[in-house]
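Here's the structure we're looking at; comments come further down.
The values are calculated or read from the model by the stated rules, or taken from the named source; none is laboratory data. A quick note: this is a predicted structure, and the numbers were derived from the prediction, not measured. All Cβ positions, even for glycine, are placed from backbone atoms using ideal geometry, and neighbour counts span all protein chains on display. Just the protein is used for accessible areas: all its heavy atoms, side chains included, with ligands, DNA and RNA removed. Shrake-Rupley method; radii C 1.70, N 1.55, O 1.52, S 1.80 Å.
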Amino acid sequence: MEERRRSKRIELEAKLMVKRLDDNSEEEVIIEVFDISKSGVGFNCKKPLTIGAVYEAYLTIWTKEVIHSFIEIVRIVKQDNTFSYGGIFIGMPEMDMKRIEIYETFETEKGNL
């Protein structure tokens, strides 16, 4: 498969609370993040989500700060009883992208030691 990511991906233990925006759903779903970069996120979820849909998310990062973002689902893979999703951040503030980028740089340098 051809690599299409614009930014290097990193793993991060975090949780998201997701709400569907385009049909006014208020149900919150906890998902497990396995991959994150300043441009997008990969996560697992037991609830089926819709490709192309935009969800509101609250991402708790390693500093325990919460980043409020919007994620558009661009990839779905079913794995046993769960789904693996890929999403891109929509309109994320530059400051929040920098927080993720700093962690990415730290993890890369730590791996080079």
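The combined condition, being open to solvent by less than 70 Å² (accessible area, probe 1.4 Å), modelled with pLDDT under 80 and in a loop (DSSP other than H, G, I, E, B), is fulfilled by L12. Picking from residues in segment 55-83 that are within 12 Å of the chain's Cα centre (by Cα) and of a type in the set (A, V, I, L, M), the one that is modelled with the highest pLDDT is V74. Here R20 meets each of (1) modelled with pLDDT under 70; (2) touching a helix residue (DSSP H, G or I) at 6+ places or on another chain (Cβ under 8 Å); (3) surrounded by 16 or more Cβ atoms within 10 Å (Cβ to Cβ) with one exception, condition (2).
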